[in-house]
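Quick notes on the structure that follows.
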Amino acid sequence: MARYIGPKSKISRRFNEPIFGPSKALQKKSYPPGQHGRVRKKKSEYAIQLMEKGKAKYIYGLLEKQFSNLFHKAAKKKGVTGELLLQFLETRLDNVVYRLGITPTRRAARQLVSHKHITVNDQIVNIPSYALRVGDMIGLDEKAKSSNYIVERISNHFYNKSNWLEWDSKQMKGKIIALPNREEIPEKINEQSIVELYSK
């Protein structure tokens, strides 16, 4: 499982975006970390492409090899490679658990999946990178359903309503009803820069 255990605020400041969720550090210091953070330098096209790839990896919690494998998988399919890559990232089990509002972060979602609290089509799946398909049902095991934290979170309507996901609050189950369009993915990622980087 890919994990970043370093300082979160530094990563958020590097990209000037709340990569791991809301960050007060961005309000206090809106410049990159390090002694040269305040120095304005014009970034090269290659540097921008690397930053976009790095941003996507941190957001979705992937290592280089995992990310590269997903890109090459997207490149082999018919369609727009950048959008297909984002679809593969979005339909990972840990991301869908996060999108359904079951957990506040993707890191918490990965932990819930790894601890065998998430089911796919009524079967426990403990692989965060598990690729979901249209029609798959995502649910909670009995222990997770009895967790006050999860129940309270779901009952408070933390579910990020997306046209490609459906949530049944009574059964505490979610369903993938379609693959997400680019417009339905809120992350500020320039996927075309990533495609250009791998095309070199």
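From the cross-link list LYS55/LYS175; LYS77/LYS188; LYS43/LYS175; LYS76/LYS145; LYS43/LYS77, which pairs have alpha carbons spaced over 30 Å apart? In this structure, LYS43/LYS175; LYS76/LYS145; LYS43/LYS77 lie more than 30 Å apart at Cα. Accessible surface of GLU152, taken over heavy atoms with a 1.4 Å probe and every protein chain present, rounds to 110 Å².
Shape of region 72-200 from the C-alpha gyration tensor: prolate (a/c of 1.5 or more and a/b above b/c, with a ≥ b ≥ c the square roots of its eigenvalues).
The values are calculated or read from the model by the stated rules, or taken from the named source; none is laboratory data. Bear in mind the structure is a predicted one, so any value in this text is a computation, not a measurement. Protein only, heavy atoms only, side chains kept; ligands, DNA and RNA dropped before computing areas. Shrake-Rupley method; radii C 1.70, N 1.55, O 1.52, S 1.80 Å.
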